[in-house]
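Engineer: Before I ask anything, here is the structure I am working with.
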Amino acid sequence: MYSQGLIGADGGSEETQEFLDAFQARIDAEEKIEPTDPMPEGYRRTLVRQIGQHAHSEVVGMLPEGNWISRAPSLKRKLALLAKVQDEGGHGLYLYSAAETLGVTREQMTEELLDGTAKYSSIFNYPTLSWADMGAVGWLVDGAAIMNQIPLCRCSYGPYARAMIRVCAEESFHQRQGYEIMLTLCKGTPAQKEMAQDALNRLWWPCLMMFGPHDGDSAHSEKSMKWKIKRFSNDELRGKFIAATVRQAEFLGLTIPDPDLKWDDSLNGGKGGYHHGEIDWSEFWRVVKGDGVMNVERVEMRKAAWDDGAWVREAALAHAAKRSAKMAAE
Ligand code: 3HC
């Protein structure tokens, strides 16, 4: 069903300039591209890469928080964390399904995750060392994810944009429950407030890295923005996240671990924004390339889950095959 839509309009491998211009005109007219529409191979590949890695991030992102479900300080906290982790799994399934509309299988995407070909967000290669990290992950990581995902609701590719609408609604619950944990800690004992500050200190810079390299170093942004997959650049979204989060930290009475953070009214065309310290891009690439504290453990846990679930997939596929054979015989 998808083969006709996946490559150039003539169904052949070359893509004429006329085809490319007609496709770009659809993008510029804010039309939604659907799975069976003819699309440039580059557009398809960019989406398979981004949506697949986004899905991997959601599923691997369950692990740092899953670590604290049995350690939650109350039943209420346990219920909220359980709901959040379950949501992330669902986000992964939406996104794998969106990627499958582009002709790639879940098995292929999982294989690429497990063999290291495909990435997931670097933030999930940092350990979650205290309960305050559950607050900081919800507040900062999901806060950064929301900043990046709201524009994706207007992505030119229909299935991705539609998947994002429900994801974003659930992310706002994730961010709020995290911020409420931080607020409770900051209103608690000095030791609890110190725990919240420690979590902010450890996760602030890795959260800024979630938005990707600076615009000038981004390999994909130019194409992604031309095709309206990305609506804002990496640095624009990072700047929006910082501006929103600094005020929240002030309300908590926490200090952002960046002495170079400075408001400047002239930034963003006079709307103002923050200058910030330099991100340690050597750390970013080291973690992205697999040398973070938790990289090995995260992929090992995904591999174990994939292997342990093989019998469920086989049983479901066998059942489906039996049913369709029975229906064909009727
Ligand atoms: N972690 C790992 N890899 C990263 C990265 C990060 N934080 N930021 C960038 N990269 C990689 C890119 O994947 C690309 O590598 P590739 O060519 O092998 O794919 C390379 O660095 C160059 O970066 P670019 O900026 O050129 O790449 P993109 O245009 O793809 O931009 C992105 C990166 C902004 C992350 C973009 O892919 C995106 O918006 N993705 C969708 C949202 C997403 O995946 N968010 C991740 C977190 S999801 C989450 O947090 C779930 C929540 O529920 C907790």
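Engineer: At each listed q (0.15, 0.26, 0.29, 0.35 Å⁻¹), what is the log10 of I(q)/I(0) that the Debye formula gives for the stretch 38-80 modelled as equal alpha-carbon point scatterers?
Structural biologist: -0.54, -0.85, -0.92, -1.06
Engineer: Something else: Using the 10 angstrom Cβ neighbour count as an exposure proxy, how do Leu129, Leu114 rank, fewest first? Could you put the intermediate results ahead of the total?
Structural biologist: On the way: Leu129 12, Leu114 16.
Fewest to most other Cβ atoms nearby, the residues stand as Leu129, Leu114.
Engineer: So if we plug the beta-carbon distance of Lys289 and Leu261 into 1/(1 + (r/R0)^6) with R0 = 35 Å, what FRET efficiency do we get, rounded to 0.05?
Structural biologist: Numbers: r = 28 Å, r/R0 = 0.80.
With R0 = 35 Å, the Cβ-Cβ based efficiency is 0.80.
Engineer: Filter Lys76/Lys193; Lys76/Lys289; Lys32/Lys303 down to the pairs with a C-alpha to C-alpha distance above 29 Å, please. Walk me through the intermediate numbers first.
Structural biologist: On the way: Lys76/Lys193 20 Å; Lys76/Lys289 38 Å; Lys32/Lys303 35 Å.
Exceeds cut-off: Lys76/Lys289; Lys32/Lys303.
Engineer: Please work out the ratio of the alpha-carbon Rg of the stretch 254-296 to 2.2 N^0.38 Å and round it to two decimals.
Structural biologist: Values: Rg = 15.2 Å, N = 43, 2.2 N^0.38 = 9.2 Å.
Taking N as the residue count of the stretch 254-296, the ratio is 1.66.
Engineer: Follow-up. Semi-axes of the equivalent ellipsoid for the chain, please: Cα gyration tensor eigenvalues, times 5, square-rooted, ordered largest first, whole Å.
Structural biologist: On the way: eigenvalues 255, 150, 56 Å².
Largest first, the chain gives 36, 27, 17 Å.
Engineer: Report, in deg cm²/dmol and to the nearest 500, the calculated mean residue ellipticity at 222 nm for the chain, where each DSSP H run with n ≥ 4 adds -39500 (n - 2.57) and the sum is divided by the residue count.
Structural biologist: On the way: 15 runs with 207 residues, N = 330.
Mean residue ellipticity at 222 nm (helix-derived): -20000 deg cm²/dmol.
Engineer: Let me ask you something else. How far apart, in nanometres, would the label points at Ala244 and Ile165 be if each is projected 7 angstrom from Cα along the Cα-to-Cβ direction?
Structural biologist: Placing both labels 7 Å beyond Cα along the Cβ direction yields 2.0 nm.
Engineer: While we're on this one: Spin-label point model (7 Å from Cα, Cβ direction): what's the Asp37 to Arg106 distance in nm?
Structural biologist: 2.7 nm
Engineer: Then there is this: Report, in degrees rounded to the nearest 10, the 0 to 90 angle that the Cα long axis of helix 17-28 makes with the longest principal axis of the chain.
Structural biologist: The helix 17-28 is inclined about 40 degrees to the chain.
Engineer: Determine the gain in length on full extension of the stretch Ser70-Ala310; use 0.36 nm per residue of separation and subtract their C-alpha separation, reporting nm with one decimal.
Structural biologist: Details: separation 240, 0.36 × 240 = 86.40 nm, distance 2.60 nm.
Extra length available between Ser70 and Ala310 comes to 83.8 nm.
Engineer: Sticking with this structure for a sec: What percent of all Cα-Cα pairs in the stretch 105-191 falls into each 10 Å bin, going from 0 up to the bin containing the maximum distance?
Structural biologist: 16, 32, 35, 13, 4, 0
Engineer: In the stretch 141-223, what trypsin sites (Lys or Arg not before Pro) fall in a loop by DSSP, with at most 15 other Cβ atoms inside 10 Å?
Structural biologist: Values: sites: Arg154, Arg162, Arg166, Arg176, Lys187, Lys193, Arg202, Lys223; in loops: Lys187.
Passing sites in the stretch 141-223 are Lys187.
Engineer: If one takes the longest principal axis of the Cα atoms in the chain, at what angle in degrees, from 0 to 90 and to the nearest 10, does the Cα axis of helix 75-100 lie?
Structural biologist: Result, in degrees: 30.
Engineer: Could you order the peptides 280-290, 309-319, 31-41 from most to least packed, using the average number of other C-beta atoms within 10 Å per residue? All intermediate terms of the calculation are to be shown ahead of the outcome.
Structural biologist: Details: 280-290: 14.5, 309-319: 9.9, 31-41: 17.3.
Put in order of decreasing packing, that is 31-41, 280-290, 309-319.
Engineer: Then there's this: Determine the relative contact order of the chain: mean sequence separation of Cα pairs under 8 Å and six or more apart, normalised by residue count, in whole percent.
Structural biologist: On the way: 391 pairs, mean separation 54.4, N = 330.
Here the relative contact order equals 16 percent.
Engineer: So between Asp21 and Ala191, what do we pick up on full extension, going 0.36 nm a residue minus the alpha carbon distance? Mind dumping the intermediate values first?
Structural biologist: Numbers: separation 170, 0.36 × 170 = 61.20 nm, distance 6.08 nm.
That pair, Asp21 and Ala191, stretches by 55.1 nm at full extension.
Engineer: Report the relative contact order of the stretch 78-190, percent, no decimals, based on alpha-carbon pairs under 8 angstrom and at least 6 residues apart. Please list the in-between numbers first.
Structural biologist: Working: 77 pairs, mean separation 34.2, N = 113.
After rounding, I find 30 percent.
Values quoted throughout were computed directly from the atomic coordinates according to the rules given, and no laboratory measurement underlies them. Note that the structure is a prediction, hence the values are computed from the model and not measured. Every residue, glycine among them, receives a Cβ derived from its backbone with ideal geometry; neighbour counts consider all protein chains shown.
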